[in-house]
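None of the figures in this text is laboratory data; all of them are computed from the coordinates on show. Source: prediction; values computed, not measured. With ideal geometry, Cβ positions are generated from the backbone for all residues, glycine too; neighbour counts draw on all protein chains shown.
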Amino acid sequence: MARIFLTLTALMFVAFGLWSITDPVGMTARLGVSPEGISGVFEMRGIYGGVSLGAAALCALGVAIKRFEFPALCFIAAYMGGYVFGRAASYFYGDSALASNWQFAGFELVMFILSAWLVSREL
């Protein structure tokens, strides 16, 4: 089950990472975010594109080599858990967001729960 989860997660990160590298302005516009400033697009390619592709590589490594499965699951739990924590803070601070942002937040919550559950099975 963990390898299926990591395979699907790797594919998702590849798709999102490539989209973020090839069209960072379009990707962020879908989220209602504008990468303004001289380094905006540069940062979007690195943060969303590069980190997502790195996460995809770690997930793929977890699929290919058993000893990397647990670290990959821990990474996904921490990464998605961090997003959930940040989104919760935004909610409590009264920040506003588009429906697409809340959809991402829901997806991140599901990913956190699944990865944390898979990690707990390994302990």
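I'd like the Kirkwood hydrodynamic radius of the range 1-61, using the inverse of the mean 1/r over distinct C-alpha pairs, in Å.
Across the range 1-61, the inverse of the average 1/r is 11.8 Å.
Once every DSSP H run of n ≥ 4 in the chain is given -39500 (n - 2.57) and the sum is divided by its residues, what mean residue ellipticity at 222 nm do you get, rounded to the nearest 500 deg cm²/dmol?
Per the formula, -26000 deg cm²/dmol.
Could you work out the pair-distance distribution P(r) of the chain from its alpha-carbon pairs, with 10 angstrom bin width and percents rounded to whole numbers?
P(r) for the chain, in whole percents per bin: 14, 39, 34, 12, 1.
Report, in debye and to the nearest 20, how large the dipole of the chain comes out about its Cα centre when Lys and Arg carry +1 and Asp and Glu carry -1 on their Cβ.
Result for the chain is approximately 380 debye, rounded to the nearest 20.
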